[in-house]
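Let me begin by presenting the structure, written as structure tokens, before commenting on it.
The values are calculated or read from the model by the stated rules, or taken from the named source; none is laboratory data. Computed from a predicted structure; not experimentally measured. Remember, those area values only see protein heavy atoms, side chains included, never the ligands or the DNA or RNA. Shrake-Rupley method; radii C 1.70, N 1.55, O 1.52, S 1.80 Å.
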Amino acid sequence: MSKNPLIGITLDLEITKSYSKFPWYALRENYCSSITYFGGIPIPLVYDNKSLNAILEIIDGLVITGGAFDISPTYYSEKNKYHNTKTKFTRTEFEIKSCKLALKKNIPILGICGGEQLINIVYGGSLYQDIKKDIKTKIEHEQKNPRDQVSHTVKLNTKSKLYKIIKKKTIKVNSAHHQSIKEPGKGLTVNAIAPDGVIEGIEDQSKAFCIGVQWHPEFLIKENDNQIFKSFIQTAKKRGKP
């Protein structure tokens, strides 16, 4: 019998004195429960760069999570244009190294929200620093209704791997971001777009599984969210066969 795949999940790092007076790691529970629901074993990854290669020898898949912060514009050769940019260099550096090494080893990768944006940066792409300031849109990409509800539609690229997984041309998603992909990185295919033109998903079709989505499928609101995680875990399981 094949083993349940081990799925590495990137963590957030906080210094706010709430959970602890000292720096603490954070991870929303449903990032883990969505993995276990489809047969994976979640493994939170601490920022241990020295052991990163050994860690990626063990895991069968990698989830790069989102968070309430921004990737510094310096990573795509731009200056910070707005005062509301909040960066976390330690986390970004760890996730970039994790993503690059996972790609090299062809480990399945699922990037969620900020994780999708990070994949794009790794491939040499760029970001809109603030959607409301950079794009004319009536869509609330930081939705006002609860995150476990959908808020707008997304159109899928029918030639994409994501479409083959979901098998629908249009889906409804939740939305919790103020930045988005500007120029897709070299080698990436846009697989989902919002009605206002905002890029909602990317993928590297040359990899077993390298998909980034701007929404949060870990809430498992719609069947399309389930299908994303199911396909990701199944791909990781094939890689992890003894």
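Could you work out [θ]222 nm for the chain from helices alone, using -39500 (n - 2.57) per DSSP H run of at least four and dividing by all its residues? Round to the nearest 500 deg cm²/dmol.
Numbers: 7 runs with 68 residues, N = 242.
So the calculated ellipticity at 222 nm is -8000 deg cm²/dmol.
From the list [x] 1.04; [y] 0.94; [z] 1.28, can you say which value of Rg/Rh (Cα atoms, Kirkwood Rh) was derived from the structure given?
Working out Rg/Rh (Cα atoms, Kirkwood Rh) from the coordinates points to [y].
Tell me, what is the percent relative contact order of segment 108-235, built from C-alpha pairs under 8 Å that lie six or more residues apart? Walk me through the numbers before you get to the answer.
Details: 278 pairs, mean separation 42.7, N = 128.
Normalised by residue count, the contact order of segment 108-235 is 33 percent.
Using all alpha carbons of segment 69-152, what is the percent of pairwise distances in each 5 Å bin, ordered from the shortest bin to the longest?
Cα pair-distance distribution for segment 69-152, in percent: 3, 12, 21, 22, 18, 14, 9, 2, 0.
How much area per residue is accessible in the chain when the probe is 1.4 Å and only protein heavy atoms are counted (Å²)?
49 Å²
Going Cα to Cα from residue 138, which lysines come in below 27 Å? Please leave out same-chain ones fewer than 8 positions away.
Answer for residue 138, where 27 Å is the Cα cut-off: 79, 81, 86, 155, 168, 169, 172, 182, 222, listed by chain and number.
Compute the relative contact order of the chain as a whole-number percentage, counting only Cα pairs closer than 8 Å that sit 6 or more residues apart in sequence.
Result for the chain is 22 percent.
If you roll a 1.4 angstrom probe over the protein chains with everything in place, what fraction of the accessible area of segment 95-242 belongs to carbon and sulfur, to the nearest %?
So the carbon and sulfur contribution to the accessible surface is 48 percent.
How many angstrom lie between the Cα centre of segment 173-202 and the Cα centre of segment 108-138?
For segment 173-202 versus segment 108-138, the Cα centre distance is 6 Å.
Please work out how much length the chain gains when fully extended from residue 19 to residue 106, using 0.36 nm per residue of separation minus the C-alpha to C-alpha distance, in nm with one decimal.
Numbers: separation 87, 0.36 × 87 = 31.32 nm, distance 3.61 nm.
In short, 27.7 nm is gained.
Under 8 Å for C-alpha pairs, at least 6 residues apart: give me the relative contact order for segment 2-82, rounded to a whole percent.
Result for segment 2-82 is 40 percent.
Bin width 10 Å, origin at 0, all Cα-Cα pairs of segment 127-194: what percent of pairs per bin?
Pairs per bin, as whole percents: 19, 43, 35, 2.
Take every DSSP beta bridge with both residues inside the chain and express the antiparallel ones as a percent of the total, to the nearest 5. Write out the running numbers ahead of the final one.
Values: 20 of 37 bridges.
So the antiparallel bridges in the chain amount to around 55 percent.
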